[in-house]
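Some notes on the structure that comes next.
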Amino acid sequence: MRSSNPVMRSLTDGEQRGQQSGYGAPGVQDSPYGQQSTYQSGYDAASGQQARPMTVDDVVTKTGITLAVIVVMAIVNFGLALMGHEGVTMALTAVGAIGGFIMTLISTFGRKFGSAWVTLIYAVFEGLFVGGISIVFAGYSVGGSNMMTMIGQAIIGTVGVFVGMLFVYKTGAVKVTPRFNKIMMGAIIGVVVLALGNLLLFMFTGMNPLRGGGTLAIIFSLVCIVLAAMSFLTDFDQADRLVRAGAPANYAWGVALGLAVTLVWLYTEILRLLSYFNNR
């Protein structure tokens, strides 16, 4: 089953290839999904020992560490702006955005899913980006005492959506099926194409309909927030499948990266939407 999260999708592609080559192979056990697992007889290449299977605790721990690094680096970059070093903050924000994107590509296409150093370096870059973008949306756009209130609202909103979608997944209110993932992937690709088209329009004409704060921009942000929220379902499902299939413990770092990507996307969209209303 493919995931709509690009980080997770690289893993599912590899898993499907492994399952196709493993059918009928001796010593390969059936997974809880009725498919043959490529992980159960796997070994740690570094130690030569059988890899410990991933648990839910591994996912929680690695995700917590990743988010902690993001928060610390965000506070550092945010603090630099508060101390009057706005130019440094903006430079680090740009570095963070580019660096985070590169690390995501490395994890997705460089077969580095489950690499602790890729996930943690991504967290450092993404933390710099989050701290800077918070200043851009809440500081320069609003200013004054409303700044910290807006950031607090965005954080509460992000945590609330995350917990809400976890509840939805656990209760089975929304089933994650191949059709669901295909729809999500198509919707996300559509949003990316629209965002890129809007960027080019702004660069060449100065018009910014999807990010300028108007009615269309508000609708576009709401669509992005809904897609980010629904993406949690595919992230949870993929993590659940890896645990059930006995994937190596280090894969929890890849799950943490995928969840962090979705969380940052959701936070920035909520903060952007709040900035629209505060500027009206």
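The values are calculated or read from the model by the stated rules, or taken from the named source; none is laboratory data. What you see is a predicted model; the values in this text were computed from it and never measured. Virtual Cβ from ideal backbone geometry, glycine too; neighbours counted across all protein chains shown. Accessible surface is based on the protein model in full, side chains and every heavy atom, while ligands, DNA and RNA are left aside. Shrake-Rupley method; radii C 1.70, N 1.55, O 1.52, S 1.80 Å.
Observations on the structure shown:
- Accessible surface ranking that places the most exposed of E86, E126 first, with a 1.4 angstrom probe: E86, E126
- Accessible surface of I65, taken over heavy atoms with a 1.4 Å probe and every protein chain present, rounds to 70 Å².
- Heavy atoms of V168 accessible to a 1.4 Å probe, total area in Å² rounded to 10: 30
- Rounded accessible area per residue of the range 123-220, 1.4 Å, Å²: 55
- Label-point separation in nm, R179 to V192, each point 7 Å along Cα→Cβ: 2.5
- Each peptide in 229-242, 247-260, 147-160 was scored by the mean count of other Cβ atoms within 10 Å over its residues; highest first, the order is 247-260, 229-242, 147-160.
- Each peptide among 116-122, 188-194, 53-59, 201-207 gets the average number of other Cβ atoms lying within 10 Å of its residues, and from highest to lowest they stand as 116-122, 53-59, 188-194, 201-207.
- Candidate lysines - alpha carbon under 24 Å from K62, same-chain residues fewer than 8 apart omitted: K112, K170
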